[in-house]
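Beneath this line is the structure, given in structure tokens, with notes to follow.
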Amino acid sequence: MKTIERLLNEIQSSVWAKTTMGSKTRSAHEAHPGEYCSEGFLDLVQMDHTRGDVILVDSLRREELGRPWITFLVEIWTRSILGYYVSFGDPSIFRCGRAVASALLPKEPILKHLGVDVSYPIFGLFKRLHADQAKPHRSEAFRRACVRNGIDPDVRKPGPAHLGGHIERLIGTMVGKLRLLPGRRDRTSRRATVTMQRPRLR
């Protein structure tokens, strides 16, 4: 037994990863040559979408509405959330556009509407939008709209998740926070009480 344990411990983590893990988990154990650079604030932004693991309810009748889709934009230089959009529809050109608009505009009005008393001066026109191969991102209409507003729609080549590592990490963190809300999707969850207007995360 000791010999078997010693031999198992001598196996490199990268070898274990290739045989026992999925592509996203395995990527953390592999070397990735090259670098992914941002030259300053608002130079490079990543965008992606995720389905929230929480059930939202109607603010009046408290009826369940379903799981929301959330689009995030993260500013690479500061690792800050630059924009977002929450809806019940699948990712589309319209929802990508609303998320980009959220990134361009000041956050004070929405923070005031939510009753959040903080300063969040993260907004503005950015130079490059880095996204995956999702259909809305490849849409010619969406790409033309970006170019018309001075944004380079840098759709990345098909490949492992590490090519969009910043936004993937943000989504992983936010999905974990959503699971702390009432109405999370698991067998021990309480009844959903979070509305579309007030999905508070701390």
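The values are calculated or read from the model by the stated rules, or taken from the named source; none is laboratory data. Since this is a predicted model, take the numbers as computed values, not measurements. All Cβ positions, even for glycine, are placed from backbone atoms using ideal geometry, and neighbour counts span all protein chains on display. Surface accessibility is based on the protein's heavy atoms, side chains included, excluding ligands, DNA and RNA. Shrake-Rupley method; radii C 1.70, N 1.55, O 1.52, S 1.80 Å.
Annotations
- Given +1 at the Cβ of Lys and Arg, -1 at the Cβ of Asp and Glu and no other charges, the dipole of segment 58-160 around its Cα centre is 340 debye to the nearest 20.
- A cut-off of 5 Å between modelled amide H atoms, ignoring neighbours fewer than 5 places along the same chain, links Arg128 with Leu44, Val45, Asp152.
- The length gained on full extension between Ile4 and Leu111, counted as 0.36 nm times the residue separation minus their Cα-Cα distance, comes to 32.7 nm.
- Taking the 1.4 Å solvent-accessible surface of segment 47-101 as the whole, the part contributed by carbon and sulfur is 51%.
- Here the spin labels are modelled as points 7 Å beyond Cα on the Cα-Cβ line, and at Ala101 and Val147 they lie 2.3 nm apart.
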